[in-house]
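The structure appears right after this line, and notes come after that.
The values are calculated or read from the model by the stated rules, or taken from the named source; none is laboratory data. This one's a predicted model, so the numbers in the text were calculated from it and none came from an experiment. Quick reminder, even Gly has a Cβ in these numbers, built from the backbone with ideal geometry, and neighbours come from all protein chains shown. Areas reflect the complete protein model, heavy atoms only, side chains present, ligands, DNA and RNA absent. Shrake-Rupley method; radii C 1.70, N 1.55, O 1.52, S 1.80 Å.
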There are 2 protein chains.
Amino acid sequence: MRTLLDIKTEFNEYLNQTLPNRNDLEKGIRYAMLEGGSRFRPLLFLTIIETFGLDASRYFSIALAIEMVHASSLVHDDLPEMDNDEIRRGIPTVHKAFGHPQALLIGDAMLANSFQYIATNKLLLETEKVNLIRALSEAAGSEGLVLGQYNELASEKPTLDELNAIHHLKTGKMFELSVRAAMIVANRRGNNGEWLYFSSLLGVLYQIKDDFMDFKENHDLKIETYVSIVGVDRTKEIYREKRESLFTLVKQLDSNGSLLKDLIETMFM
Amino acid sequence: MRTLLDIKTEFNEYLNQTLPNRNDLEKGIRYAMLEGGSRFRPLLFLTIIETFGLDASRYFSIALAIEMVHASSLVHDDLPEMDNDEIRRGIPTVHKAFGHPQALLIGDAMLANSFQYIATNKLLLETEKVNLIRALSEAAGSEGLVLGQYNELASEKPTLDELNAIHHLKTGKMFELSVRAAMIVANRRGNNGEWLYFSSLLGVLYQIKDDFMDFKENHDLKIETYVSIVGVDRTKEIYREKRESLFTLVKQLDSNGSLLKDLIETMFM
């Protein structure tokens with residue numbers, strides 16, 4: 001029986017073998033993709049695939065595409081004009097390691113390339129590829145991830161609802177993509193409401209956790225977060241309530257296996 | 001009989017009607033797409049479509065995708081960390097008009113969105129969509145446009161061959177995409193060698209013209225160009241020779257119509 005760690009290890013090896021290394025641009029893409037990272041989004045996709053009774057290893061190229069879009073947004077997020085971060089995952093950010101215009105281009109190449117990993121897949125039907133590409137483009141573009149980042153720039157004093165809306169776009173849409181992508185390759189139609197509820201709950205919980213970690217690291221954060229809006233105690237309460245709902249839901253969704261349960265429990269233990 | 005100007009006008013109207021305008025991010029995308037532009041790449045695709053006996057108007061969404069990828073690269077190219085341009089097409093560049101991090105995100109959204117316009121097309125077969133998406137991703141990503149930009153950053157004193165290689169990636173790959181995309185939707189197999197030769201000749205000529213215009217505007221350019229490497233007179237000679245070859249080839253390729261001939265002659269008259 002394959003464990004969550006087995007799949008993560010296999011997937012990391014796949015990335016290492018699949019990503020080319022012929023020039024500086026490709027080295028930059030490898031740096032952005034291979035140096036650490038939770039792999040939460042691809043693992044979410046891969047464990048749901050297993051929950052649906054399919055073999056995760058056959059869908060690594062889709063998982064790669066999902067991770068590549070996510071990682072490209074981190075490369076651009078770290079740039080001086082955005083968050084101006086110098087360290088990510090304990091090592092220099094891409095623009096510190098490769099240069100500033102280089103990082104801009106590395107992120108662009110990753111975003112453009114990601115669609116290729118779906119289009120050139122040898123196992124999927126053409127219809128499945130088109131549906132996956134459409135879902136990826138929608139999650140990443142001006143109705144998903146990028147809109148969340150854009151709205152975040154504009155929101156100086158968001159209400160809790162506004163903050164939730166930003167997080168839904170910035171984080172939730174890519175989680176939803178992992179879920180939708182699994183539904184597409186498993187050819188599941190109808191009756192997917194509980195899975196979409198699962199992905200939205202996951203997005204909210206992920207963000208509360210993130211905000212709380214930021215607060216613990218720095219009590220004087222200049223940005224609005226769950227903690228600054230509703231306070232520490234209420235944040236903890238909301239987190240525990242939602243985590244309880246999520247765990248209950250996952251037990252139901254992953255009733256025959258344990259991979260998805262393990263992934264979610266590891267993330268929110 | 002439809003003229004080149006008719007098609008350009010129709011296509012511009014299509015863009016104006018198709019691109020949404022619901023929030024600041026979408027306004028930014030419209031600004032980057034609608035304010036001028038030669039539309040050379042989409043018109044190249046559309047006129048070849050007509051040369052193949054198809055109706056260009058049916059393929060505007062593909063032309064939009066091609067133009068959007070090109071325009072997204074211009075938005076990022078103009079950023080301070082790249083060319084630091086404040087004016088494009090006579091108006092402020094996107095980052096001057098919308099802000100610096102906003103322009104980064106506008107370019108990202110355009111790149112991500114472009115694939116959607118192909119994936120959601122109602123007329124194409126699924127196989128055609130997948131082939132188009134693959135071609136677009138390859139032309140735009142780490143083996144095409146972005147690699148050309150990346151190599152250009154690194155090349156301080158390129159030889160003529162190195163300069164040609166950069167231009168082939170930066171400009172030629174997107175021209176080749178326009179040609180390939182037309183071949184895909186016209187379902188042309190085999191015997192496309194002359195079309196690919198046409199696109200490569202076009203790329204070289206376009207770049208020589210661009211370098212020569214830059215030289216005429218500013219004799220003390222700090223970057224290496226055709227003119228700085230082979231001199232003004234030799235540049236003019238090469239340009240005229242290659243233009244002659246291109247015009248001869250186009251007459252042959254567009255023997256029944258005049259749209260493609262008109263496009264090429266307008267561009268290089």
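Observations on the structure shown:
- Rounded to 0.05, the FRET efficiency of the A:D55 and B:S258 pair, given R0 = 41 Å and the Cβ-Cβ distance, is 0.15.
- Region B:197-219 and region B:84-122: distance between their alpha carbon centers, rounded to Å: 24 Å
- The Cβ shell under 13 Å around B:E162 holds other residues with a net charge of -2, Lys and Arg each +1, Asp and Glu each -1.
- Given charges at Cβ of Lys, Arg, Asp, Glu: the protein assembly as shown dipole, positive-most of B:L253, A:S155, A:N21: B:L253
- Placing a label point 7 Å from the Cα of A:K236 along the Cα-to-Cβ direction, no residue of region A:195-214 has a backbone N closer than 13 Å.
- Net dipole in debye of chain B [+1 Lys, Arg Cβ; -1 Asp, Glu Cβ; about Cα centre; nearest 20]: 760 debye
- For the residues of B:21-28, the average number of beta carbons from a partner chain within 10 Å of their own beta carbon is 4.
- Taking region A:1-129 as the region of interest, the number of lysine pairs whose Cα atoms are within less than 24 Å, with members eight or more places apart or on different chains, is 4.
- Applying 1/(1 + (r/R0)^6) with r as the Cβ-Cβ distance of A:N191 and B:D24 and R0 = 30 angstrom yields a FRET efficiency of 0.20.
- Across chain A, C-alpha contacts under 8 Å between residues 6 or more apart give a mean separation that, scaled by the residue count, equals a relative contact order of 19 percent.
- Label reach from B:D6 (point 7 Å along Cα→C-beta): in region B:245-262, amide nitrogens under 20 Å belong to B:254-262.
- Listed by chain and number, the lysines whose alpha-carbon sits under 28 Å from that of A:K236, ignoring those within fewer than 8 places in the same chain, are A:K157, A:K170, A:K173, A:K209, A:K216, A:K222, A:K251, A:K261.
- For region B:4-263, a/c is not less than 1.5, where a ≥ b ≥ c are the root eigenvalues of the C-alpha gyration tensor, and a/b does not top b/c. That puts it in the oblate class.
- Taking Cα centre as origin and charging only the Cβ of basic (Lys, Arg, +1) and acidic (Asp, Glu, -1) residues, the dipole magnitude of the protein assembly as shown rounds to 1400 debye.
- Distance to the B-onto-A rotation axis is smallest for one chain B Cβ; residue and value in angstrom are B:E126, 2.
- Positive minus negative residues near A:S38 (Lys, Arg vs Asp, Glu; Cβ under 11 Å): +3
- Cα centroid separation - region A:27-79 against region A:181-196, whole Å: 19 Å
- Taking every residue in A:93-105 and counting other chain Cβ atoms within 10 Å of its Cβ, the average works out to 4.
- Pseudo-label separations to other copies for A:E35 - Cα-to-Cβ vector, 7 Å, nm: 3.6
- Take each peptide in B:39-51, A:113-125, count the other Cβ atoms within 10 Å of every residue, and average; sorted highest first, the result is B:39-51, A:113-125.
- Signed unit charges on C-beta, dipole axis of the protein assembly as shown, positive-most listed residue A:M68, A:L4, A:N121: A:N121
- Total accessible area lost when B and A pair, probe 1.4 Å, Å² to nearest 100: 4000 Å²
- Amide proton proximity set for A:R88, modelled H, under 5 Å, gap of 5+: A:T93
- Per-pair calculated FRET efficiency, R0 = 56 Å: A:S38 and B:T159 via Cβ, rounded to 0.05: 0.80
- Averaged over the residues of A:69-79, the number of partner chain Cβ atoms lying within 10 Å of the residue Cβ comes to 2.
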